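What follows is calculated from the coordinates using simple rules that are stated; it is not laboratory data. Fair warning: this is a prediction, and the values are worked out from it, not measured in the lab. Glycine gets a Cβ as well: all are built from the backbone with ideal geometry, and neighbour counts include every protein chain shown.
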There are 2 protein chains.
Amino acid sequence: MAQKGDLLSFRPDIKVLDATIRDGGLVNDFYFTDEFIRNLYLANVKAGVDYMEFGYRADKEMFDANKFGKWKFAEDDTIREIVGDNNTDLKISIMADVGRCNYKQDIHDRADSPVDLVRVATYVNTMPAALDMIEDAHKKGYETTCNIMAISNAKESDINTALEMLGNSPVDGIYIVDSFGSLFPEQIRKISEQYMEIADKYGKYIGMHAHNNQQLAFANTIESCAQGVSYLDATMGGMGRGAGNCQMELLLGFLKNPQYNLFPIIKFIEENIEPLKAAGVEWGFAIPYLLTGHLNQHPRTAIAAMKAGRKDYTEFYREIIDRDD
Amino acid sequence: MAQKGDLLSFRPDIKVLDATIRDGGLVNDFYFTDEFIRNLYLANVKAGVDYMEFGYRADKEMFDANKFGKWKFAEDDTIREIVGDNNTDLKISIMADVGRCNYKQDIHDRADSPVDLVRVATYVNTMPAALDMIEDAHKKGYETTCNIMAISNAKESDINTALEMLGNSPVDGIYIVDSFGSLFPEQIRKISEQYMEIADKYGKYIGMHAHNNQQLAFANTIESCAQGVSYLDATMGGMGRGAGNCQMELLLGFLKNPQYNLFPIIKFIEENIEPLKAAGVEWGFAIPYLLTGHLNQHPRTAIAAMKAGRKDYTEFYREIIDRDD
């Protein structure tokens with residue numbers, strides 16, 4: 001597929017989505033201060049970021065609200081406390097997980113909500129439930145995306161079936177998600193091509209959500225972008241589960257649309273991300289994440305190793321390579 | 001240009017060069033213990049790495065031997081103390097900088113030296129001196145490469161002239177060097193194409209030496225590889241000047257040649273690189289390096305900022321963006 005765009009012009013179809021609270025919340029159980037969230041919101045507005053994701057809308061009957069910060073539930077009123085009527089160009093998204101969100105009850109009509117976009121996260125084997133959630137959110141007036149996770153372990157034929165199902169649904173966009181950070185740019189090119197075919201056929205857009213296990217989150221994001229993918233996820237300082245995500249400061253340094261400004265992002269990192277790290281909140285590239293990414297495994301073993309402060313990389317490698325599954 | 005190779009097979013023309021001592025030496029003024037160097041040598045042999053660079057052969061009349069570790073001068077006898085007669089498949093390289101190496105005197109006949117490969121580092125405007133060094137080393141019996149530095153600030157036409165000069169020289173290989181870590185994969189594709197044309201025309205090979213300012217060292221290395229580039233530089237833990245280099249542990253996780261083994265690399269990192277970091281030797285991706293890379297500047301201001309422990313990223317950004325050159 002021919003490259004879309006070049007390094008001197010910009011493509012107006014590209015949108016940047018800040019997923020710091022949502023993916024970063026997986027690192028600190030969503031315990032952010034209101035000040036952090038407010039500063040993040042203001043930084044995104046100043047930086048010209050297109051969307052900001054305020055968290056998951058998790059089911060409070062499934063998850064104990066005393067064990068998580070409020071952004072795991074990202075209720076309309078909680079968001080309103082930060083954004084008021086959100087009289088800005090920044091759109092607001094939440095993520096709703098298949099099986100973990102009581103969407104019929106907890107996602108209200110868009111007219112009554114500060115939320116613009118509902119992103120439905122699913123595995124390839126729970127597509128019917130995802131489609132039901134997408135239809136529900138679409139009927140309530142929301143822009144919707146479907147984020148198919150863990151595709152590095154799914155067959156192309158299954159992914160294609162899922163994409164066809166989505167093509168025939170009211171979903172607006174479909175996300176490529178490299179959950180394990182195991183994909184290389186040349187795989188991303190092929191996957192982007194597969195997704196873009198569906199996008200062109202059904203009039204959808206395609207998004208990219210990357211993980212940094214092999215230090216390829218940014219590279220894979222801009223690689224998908226060169227293939228026509230237009231919704232790009234990033235987080236401040238790369239904050240996100242395990243090795244983290246595509247860094248906003250790298251992505252805005254790359255995009256040429258004059259709408260975007262790098263400076264407020266650097267300022268936010270200096271004033272809000274560095275103190276978080278100094279306080280001991282940990283994420284980002286490390287050898288255990290490299291190893292799970294390399295082996296195309298979920299990073300949960302690496303997250304446990306990092307939490308335990310393990311530096312015995314060879315022993316960890318032996319453990320994860322010696323699984324009998 | 002069509003992609004060379006795929007993700008299931010391997011290309012036997014690919015060679016991996018460990019540049020840990022040489023580029024990493026820029027971080028600690030080449031003060032490595034003999035134990036570190038010996039372990040590195042053994043790890044490279046076990047991992048199936050093709051070349052190991054033992055340092056610069058700097059001129060002792062220009063540089064005070066009391067102010068640098070011995071690997072800045074990487075003399076034949078010094079190397080022999082580690083490798084003996086080097087009865088392994090690992091080849092040995094040194095780097096010789098234009099203007100900083102008394103090559104006629106200090107580079108001896110290959111028959112009397114443990115070195116196999118002399119890599120000549122030059123800027124595009126000192127090509128005649130580089131060619132003289134290449135001819136000298138070639139006549140003495142060495143394999144030679146020319147590493148043209150700082151090409152992100154050179155014109156394509158000047159680079160092309162330099163490549164033609166090298167095409168007509170006895171040099172064996174030519175390196176793409178992203179000195180400032182400022183190049184994106186789509187630029188690397190174009191540059192690789194330009195270099196590969198010369199390679200095909202004159203029967204040379206092309207190499208890649210990347211820096212990690214924008215977390216693209218590994219991505220750019222494998223991107224160049226997909227375009228036919230075959231000599232790939234990497235360092236243990238990415239140790240190298242400023243943001244560091246392409247990480248050996250990422251590169252060997254990517255390459256499919258069964259000659260390569262990741263385990264000895266992970267072991268070396270656990271036992272030798274982590275202690276170095278714990279002792280305060282610093283390198284690797286950080287916001288100041290991102291900013292100099294983004295602005296296509298030499299990282300010296302960022303290195304100074306990091307050494308001073310500065311975390312006032314916005315003020316640093318203001319300083320480097322406000323230069324009047």
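Just a few scattered comments:
- Whether segment B:203-325 is rounded, prolate or oblate, judged on the alpha carbon gyration tensor where a/c under 1.5 counts as rounded: oblate
- Segment B:33-97: GluC sites (Glu not before Pro) in DSSP coil with no more than 10 other Cβ atoms inside 10 Å: B:Glu61
- Whole-number Å³ per residue for the convex hull built on Cα positions in chain B: 133
- Among B:Ala96, B:Ala278, B:Ala19, the residue with the largest mean-square fluctuation in a Gaussian network model of chain B, with springs joining Cα atoms closer than 10 Å, is B:Ala278.
- Label-to-label distance, B:Thr314 versus A:Glu282, with points set 7 angstrom from Cα along the beta-carbon direction: 3.0 nm.
- Computed from the C-beta positions of B:Lys46 and A:Met165 and an R0 of 51 Å, the FRET efficiency is 0.55 to the nearest 0.05.
- Segment B:154-307, dipole about Cα centre (Lys/Arg Cβ +1, Asp/Glu Cβ -1), debye to the nearest 20: 240
- For segment B:228-307 and segment A:103-128, distance of Cα centres in Å: 42
- Among beta bridges that DSSP assigns inside chain B, antiparallel share in %, nearest 5: 5
- Max mean-square fluctuation residue, GNM over chain A, Cα-Cα springs under 10 Å, options A:Gln297, A:Gln187, A:Gln247: A:Gln187
- When chain A is described by a simple charge dipole with +1 on each Lys and Arg Cβ and -1 on each Asp and Glu Cβ, the residue from A:Ile159, A:Gly99, A:Tyr313 located farthest towards its positive end is A:Tyr313.
- Most fluctuating residue given options B:Ser93, B:Ser169, B:Ser182, as computed from a GNM of chain B linking Cα atoms under 10 Å: B:Ser169
- Net lengthening on full extension, B:Gln3/B:Asp29 (0.36 nm per residue, minus Cα-Cα): 5.4 nm
- Each copy carries a label point for B:Val45 at 7 Å from Cα toward Cβ; from one copy, the others' points are 6.4 nm away, ordered from shortest.
- For the peptide B:212-221, the mean number of other protein chain Cβ atoms found within 10 angstrom of a residue's Cβ is 5.
- Neighbouring Cβ atoms from other chains, within 10 Å of the Cβ of residues in B:294-301, number 1 on average.
- Computed from the C-beta positions of A:His108 and B:Asp64 and an R0 of 56 Å, the FRET efficiency is 0.15 to the nearest 0.05.
- Shielding score for A:312-320, defined as the mean number of other chain Cβ atoms within 10 Å: 3
- Anisotropy class of segment B:1-146 from Cα gyration tensor, a/c 1.5 cut: oblate
- Taking a ≥ b ≥ c as the square roots of the eigenvalues of the Cα gyration tensor, the protein assembly as shown is classed as prolate, since a/c reaches at least 1.5 and a/b is larger than b/c.
- The protein assembly as shown, dipole about Cα centre (Lys/Arg Cβ +1, Asp/Glu Cβ -1), debye to the nearest 20: 100
- Percentage relative contact order, chain A, counting C-alpha pairs under 8 Å, at least six apart: 19
- Sorted peptide list for B:109-119, A:259-269, criterion being average Cβ within 10 angstrom, highest first: A:259-269, B:109-119
- Span from the segment B:56-82 Cα centroid across to the segment A:152-168 one, whole angstrom: 58
- Among chain B residues, the beta-carbon with the smallest distance to the axis carrying B onto A is reported, with distance in whole Å, as B:Ala219, 2.
- With label points defined 7 Å past Cα in the direction of Cβ, position B:Pro258 shows copy-to-copy spacings of 5.9 nm, given to one decimal and shortest first.
- Cα-centre dipole for segment B:7-166 with unit charges at Cβ (Lys and Arg positive, Asp and Glu negative), debye to 20: 240
- Per-pair calculated FRET efficiency, R0 = 22 Å: B:Asn153 and B:Ala129 via Cβ, rounded to 0.05: 0.70
- By DSSP, the beta bridges lying fully in the protein assembly as shown are antiparallel in about 5 percent of cases.
- Over segment A:245-325, relative contact order from alpha-carbon pairs under 8 Å, at least 6 apart, %: 19
- 3J(HN,Hα) from dihedral phi, segment B:52-64, Karplus parametrisation 6.51/-1.76/1.60, rounded to Hz, x for glycine, proline: 10, 8, 8, x, 8, 9, 7, 6, 6, 7, 8, 10, 6
- With label points set 7 Å from Cα along Cα→Cβ, the inter-copy distances at B:Ser9 are 3.7 nm, sorted shortest first.
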